[in-house]
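The values are calculated or read from the model by the stated rules, or taken from the named source; none is laboratory data. Everything quoted here is computed from the prediction, not taken from an experiment. We place every Cβ from the backbone using ideal geometry, glycine too, and count neighbours over all the protein chains shown. Side chains are part of the model used for accessible areas, which takes the heavy atoms of the whole protein and leaves out ligands, DNA and RNA. Shrake-Rupley method; radii C 1.70, N 1.55, O 1.52, S 1.80 Å.
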Amino acid sequence: MSDTHVLIVGAGPTGLALGIDLARRGVPALVVERGESLFPGSRGKGMQPRTMEVFDDLGVLDAIHAAGGGYPVGMIWRDGERVGEHHMFEPAEPTEDAPYNAPWMVPQWRTQRILLERLEELGGKVSYGREVTGVTQDEDGVTAHFASGGPVRARYLVAADGGRSVVRRAVGVGMTGEDVDPLPSLVADVRITGLDRDNWHLFPQGEGTEELLAVCPLAGTEDFQLVARFAEGTEVDLSLDGIRQVVAARSHLAAEAVTEVRWASDFRPRAALADRFRVGRVFLAGDAAHVHSPAGGQGLNTSVQDAYNLGWKLGAVLGDGADAALLDTYEEERRPIAGQMLGLSTSVHRGETRRGGATRQLGIGYPGSALTTEARRAPGPVRAGDRAPDATVDGVRLFDAFRGPHWTLLALGVAAPEPPAAVRLVRGPAHATYGTGLFLVRPDGYVGWAGDTPAGLTGYLARFSRG
């Protein structure tokens, strides 16, 4: 029987991001994937600004930037004529504290390849053709059983195996949710002629119908993502001929304009939240823990941030000797956030909320977490529990200082002692973005502790290591 510290089930963005985070911390981990290769489609194509910050820290941002592009303006067509523009997102310009302040488009299959390359660069790997059939656990570890090949024993297991998670069912966790839209939908990656790549092409079907067709050029590729919604009870045809019929019926294009279907899937948008994110030594992350409507681009982004939250905590317990109770804070912090993001996705899907500030996920924080301590008498603009914004302090860019698996102590306008070796120190004057004080920034870029003086700092840090 194999042995590893962390077994990650599922090689989607969640599992790969977690694998990267653990690999850079020196935590032995194995990613297993039931398929014979990575997922081939574009499904989750939108990167929100907070996820871009995570990717900056994980060392893949340059590759993500090179592989994708910004979102095009929507172009509304009627009877073969362009009749107006539709802006999908509220505009936002980069600022010092939020340098990646607009969504970035990268097809999911390409994101996964980039994450895989980074994982392998760090010495990690994915084992393909490993379909989990059951999970058992005891006080010392967890064992995964597979349809073929021997079992794998690990100290912890993370289920990142999607909305139909086998692991979630194996540990008896239910999901509570609702159908966001009862109508069947089609999403496909296609090659198509007769449309420019400068616009997201929208083909309304007139009053009194809920059917639609949208064709979006996928940045960094020659493909378009096609999305179509159908009347209730329709059997969605995923074949080339079926997709050609939809395009010909709903646009001015001839059926033959669709030259190739590279991937296609049918779905009904749903919102659901797992009743628990942890059972013993098993954790749920990504779609295994929360299933979103694709509207608003929250699913993949929330999932990557699950991995980012859990990775440093597993690293602290397995590598630094932190008390295993630290792992309880994963569900405490992430489940409420996932619930909020589900509500946001559903609201965007129903046209009740625009894609704007909330969808960028920069305002997410953990002010009520057991890991959050605000010890200042008069907190300034950035408080414990908040995302740590970017800034330049005494010539040092903070995102450069944060990058890596360490903690960072910002001493702004106050004196600070030399911190432990595992903590990077940045000193400077009081700053307009942060205010004045000591700010201890967690490895996932949130302020864990803030104080006017160092009193309490050492005790706070002792929770995360042997000392």
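Taking the C-alpha atoms only, the angle from helix 328-349 to the longest principal axis of the chain is near 30 degrees.
Annotation: amide H-H contacts under 5 Å for MET75 (H modelled 1.01 Å from N, sequence separation of 5 or more, or interchain): HIS86, TRP200, HIS201, LEU202.
Between region 67-92 and region 98-170, how far is it from one alpha carbon centroid to the other, in angstrom? One Cα centre to the other: 35 Å. By accessible area, using a 1.4 Å probe on protein heavy atoms only, the chain has 47% of its surface on carbon and sulfur. Here's the picture: charge each Lys and Arg Cβ at +1 and each Asp and Glu Cβ at -1 in the chain, and of ALA307, GLY163, THR436 the one pushed furthest to the positive end of that dipole is THR436.
Mind pulling up the Rg/Rh value for region 127-184? Radius of gyration and Kirkwood radius, both on Cα. Don't skip to the answer; put the middle values down first.
On the way: Rg = 14.2 Å, Rh = 13.1 Å.
That ratio equals 1.08.
Proximity of backbone amide H atoms, modeled 1.01 Å from N, is registered between ARG278 and LEU284 at under 5 Å, excluding neighbours fewer than 5 places apart on the same chain. Net charge of the neighbourhood of LEU186, taken over other residues with C-beta under 10 Å away and scored Lys/Arg +1, Asp/Glu -1, is -1.
So how strong a dipole does region 125-200 carry about its Cα centre when Lys and Arg Cβ are +1 and Asp and Glu Cβ are -1, to the nearest 20 debye?
That gives region 125-200 a dipole magnitude of about 400 debye.
Express in nm, to one decimal, how much length is gained between ASP400 and ASP266 on full extension, taking 0.36 nm for each residue of separation and deducting their alpha carbon distance. Display every interim value, and only then the final one.
On the way: separation 134, 0.36 × 134 = 48.24 nm, distance 4.19 nm.
Full extension from ASP400 to ASP266 adds 44.0 nm.
Rounded if a/c is under 1.5, else prolate if a/b beats b/c, else oblate: with a ≥ b ≥ c from the C-alpha gyration tensor eigenvalues square-rooted, which is region 68-134? List each step's numbers first, then the result.
On the way: a/c = 3.60, a/b = 1.74, b/c = 2.07.
Oblate, because a/c is 1.5 or more while a/b does not exceed b/c.
Annotation: amide H of SER127 within the under-5 Å range of VAL31, VAL32, GLU33, sequence separation 5 or more or interchain, hydrogens built in the peptide plane.
Measuring r between the beta carbons of GLU256 and ARG169 and using R0 = 51 Å, the FRET efficiency lands at 0.70. Backbone N atoms of region 277-294 closer than 20 Å to the 7 Å Cα→Cβ label point of GLU210 belong to residues 292-294. In the set [x] 38; [y] 19; [z] 14, the label that goes with percent of Cα pairs over 45 Å apart computed for this structure is [z]. Note: relative contact order over the chain, using C-alpha pairs below 8 Å and six or more positions apart, is 17 percent. This model, with +1 at the C-beta of Lys and Arg and -1 at the C-beta of Asp and Glu, gives region 19-149 a dipole about its Cα centre of some 500 debye. Per-residue extension of 0.36 nm, minus the Cα-Cα distance of GLU332 and TYR460, leaves a gain of 44.2 nm for this segment. When both region 385-450 and region 268-285 are represented by their alpha-carbon centers, they are found 33 Å apart. Computed with a 1.4 Å probe over protein heavy atoms only, the accessible surface of region 1-141 comes to 43 Å² per residue. Computed from Cα atoms, the angle from the helix 49-58 axis to the main principal axis of the chain rounds to 60 degrees.
To test your reading of the geometry: what angle, between 0 and 90 degrees and rounded to tens, separates the Cα axis of helix 13-24 from the longest principal axis of the chain? Here the helix axis deviates by roughly 30 degrees.
Only Lys, Arg, Asp and Glu count, each charged at its Cβ (+1, +1, -1, -1), so figure out the dipole size of the chain about its Cα centre, rounded to 20 debye. Intermediate results must be reported in sequence, preceding the final value.
On the way: 47 positive and 59 negative charges, 207 e Å.
That gives the chain a dipole magnitude of about 1000 debye.
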